[in-house]
Amino acid sequence: MLKERVLPADLFTVVNKTILQDKDRDLLYMLYQPIIGADAVSLYFSLCMYLDKLEVISNDWNHHHLMTTLRMSLETIVVAREKLEAVGLLKTYVKKGTINEFVYEIYSPLSASEFFGNPLLSTILYNNVGDKEYERLTSIFILPKINLKEYEDITCKFQDVFEPEDITNFEQLLLDLRQSHKNKLEIMATIDLEHILTTIPEEMLNIRSITNETREFLYRISFVYGFSDNEMIHLLQSSLTVKRTIDKEKFMSNARNYYKFEHFGELPSLALKTQPEYLRKKNRTTNMRDKKIYEFETTPPYEYLYSKHTGTRLTDAEIQMLSYLLCEMCLNPGVVNVLLDYVLQESENKLVPTYVESVAGLFSRNKITTVEQAMELAEKEHKKRLEMKKKKTPNKQEQVPVWIDKEFEVKEASKEEQEKMKEMISRVIK
């Protein structure tokens with residue numbers, strides 16, 4: 001993306017796209033600051049200070065005033081702004097002119113559950129703060145669980161307390177009320193994609209074929225594997241079709257092979273991570289189900305699939321499948337383990353790609369983040385499959401070997417057969 005130059009005289013307006021709460025301040029300091037730095041967090045709160053009393057929109061200000069307030073250079077402010085944009089806390093628009101006019105839209109930070117459930121943010125936080133601090137941070141946001149099995153739910157419903165009223169007059173008003181918005185996390189900080197695309201000759205790549213979805217795909221893969229601009233150019237040039245478009249499957253294969261070659265066969269760090277501590281089960285028992293949950297939560301997907309091979313190395317197709325589930329589908333490691341185990345059991349110990357993609361899509365649509373959620377959904381799907389099989393073939397019986405549960409009829413041998421048998425026995429005795 002081409003960066004727009006900012007001058008001290010350029011104007012800016014702050015627009016609030018959310019409702020900031022006290023807890024958001026803690027989230028920004030504890031979870032976001034280790035990733036984006038103190039300058040970016042200071043810029044975020046400073047922009048909030050420019051808002052009017054209703055916290056909706058600010059007056060027009062120039063960037064020189066922002067420099068004076070923050071005691072930062074304009075270059076430092078721009079870098080901090082880009083970090084806020086990268087993690088979804090800010091969106092920037094510009095109207096060019098003699099004096100450029102910028103609009104800065106402020107968005108809420110993710111909740112603790114959403115943050116730790118995001119494999120990219122949680123992995124970066126883990127790498128930046130280390131094991132002990134990461135564990136301390138997750139423990140802060142863990143909610144206490146109370147066993148309510150012996151309690152009765154006596155909560156009143158709305159109609160138990162209030163009489164129904166006509167609310168049609170308020171429908172339009174409700175549409176206009178402010179809401180809390182969280183910006184989509186866009187991964188765009190590691191490469192200059194516009195530069196990369198313009199470097200590839202037009203005879204090789206049709207720039208019009210690059211959709212927003214394709215751009216997000218390239219940003220995501222470059223981020224996960226840590227590729228530079230030059231590496232991306234090389235990989236793209238070797239992944240183009242005769243129609244001058246990008247073959248995504250070929251690009252993924254090339255990216256994976258290149259990474260393995262450069263890192264001596266290792267996988268990206270996401271495949272070697274375990275389920276985030278915050279999303280693990282807290283109250284455990286000694287039953288078999290909890291033991292299985294613990295296994296799913298504490299085993300990296302690579303090791304889990306490796307164990308299913310009884311010691312043999314993973315194939316390239318299986319490594320590609322792990323990358324797809326963790327990097328493209330953004331499933332948590334423990335959830336990936338449940339998916340692998342479920343598909344192997346349902347498909348006679350085979351990882352059928354189409355079936356894996358189907359289950360991954362199901363988990364993604366249902367926003368599955370924990371191992372328990374994944375197991376419950378997998379169990380429901382298993383029951384559905386059994387019911388469908390019964391409806392399609394109600395009288396069908398499983399094929400079994402002919403010697404199972406069979407009684408054979410005993411017939412007396414004829415005289416000729418008895419004579420032949422005596423002859424065979426006599427030969428053996430001799």
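The values are calculated or read from the model by the stated rules, or taken from the named source; none is laboratory data. The shown structure was predicted, so the numbers you read here are calculated from the model rather than taken from an experiment. Cβ sites come from the backbone with ideal geometry, for glycine too, and all protein chains shown count toward neighbours. Heavy atoms of the whole protein, side chains included, go into the accessibility calculation; ligands, DNA and RNA do not. Shrake-Rupley method; radii C 1.70, N 1.55, O 1.52, S 1.80 Å.
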Considering every residue within segment 347-356, establish whether at least one is over 25 Å from Tyr225 (Cβ atoms), within 10 Å of the chain's Cα centre (by Cα) and open to solvent by 60 Å² or more (accessible area, probe 1.4 Å).
no
Filtering segment 63-94 for residues that are among the hydroxyl-bearing types (Ser, Thr, Tyr), out of contact with any strand residue (DSSP E or B) (no Cβ under 8 Å at 6 or more places or on another chain) and not in a helix (DSSP H, G or I) leaves a count of 1
Look at Thr92 and say whether it is closer than 27 Å to Phe223 by Cβ, of a type in the set (S, T, N, Q) and either free of Cβ contacts under 8 Å to residues at least 12 places away in the same chain or open to solvent by 20 Å² or more (accessible area, probe 1.4 Å) (or both).
yes
What are the residues in segment 297-323 that are surrounded by fewer than 19 Cβ atoms within 10 Å (Cβ to Cβ), at pLDDT below 80 and within 21 Å of the chain's Cα centre (by Cα), if any?
Ala317, Gln320
Segment 95-126: number of residues that are under 30 Å from Thr274 (Cα atoms) and either of a type outside the set (A, V, I, L, M) or without any contact (Cβ under 8 Å) to a residue 60 or more places away in the chain (or both):
14
Do we have Glu387 as over 23 Å from Ser323 (Cβ atoms), at pLDDT below 85 and either part of a loop (DSSP other than H, G, I, E, B) or of a type in the set (Val, Ile, Thr) (or both) here?
no
Do we have any residue at all in segment 24-40 that's in contact (Cβ under 8 Å) with a residue 12 or more places away in the chain and in contact with an Asp or Glu (Cβ under 6 Å, 6 or more places away or on another chain)?
no
Evaluate segment 328-345: report whether one residue or more is touching a helix residue (DSSP H, G or I) at 6+ places or on another chain (Cβ under 9 Å), open to solvent by 60 Å² or more (accessible area, probe 1.4 Å) and not in a loop (DSSP other than H, G, I, E, B).
yes
Checked Ile99, Ile106 against criteria (open to solvent by less than 40 Å² (accessible area, probe 1.4 Å) and at pLDDT 90 or above); the one match is Ile106
Filtering segment 95-143 down to residues that are among the charged types (D, E, K, R) and assigned to a helix (DSSP H, G or I), which residue is nearest to Leu27 (Cα to Cα)?
Glu114
Which of the residues belonging to segment 195-254 are in contact with a strand residue (DSSP E or B) (Cβ under 9 Å, 6 or more places away or on another chain), open to solvent by 30 Å² or more (accessible area, probe 1.4 Å) and among the small types (Gly, Ala, Ser)?
Ser209
Single residue of Ser46, Ser42, Ser73 found to be more than 28 Å from the chain's Cα centre (by Cα), of a type in the set (Gly, Ala, Ser) and surrounded by fewer than 16 Cβ atoms within 10 Å (Cβ to Cβ)
Ser73
Pairs where the first residue, in segment 366-385, is of a type in the set (Gly, Ala, Ser) and the second is crowded, with 19+ Cβ neighbours inside 10 Å and not in a helix (DSSP H, G or I), C-beta under 9 Å, 6+ apart:
Ala374/Leu331; Ala374/Asn332; Ala374/Ile368
Do you know which residues across segment 2-40 are among the basic types (Lys, Arg) and in contact with a strand residue (DSSP E or B) (Cβ under 6 Å, 6 or more places away or on another chain)?
Lys17
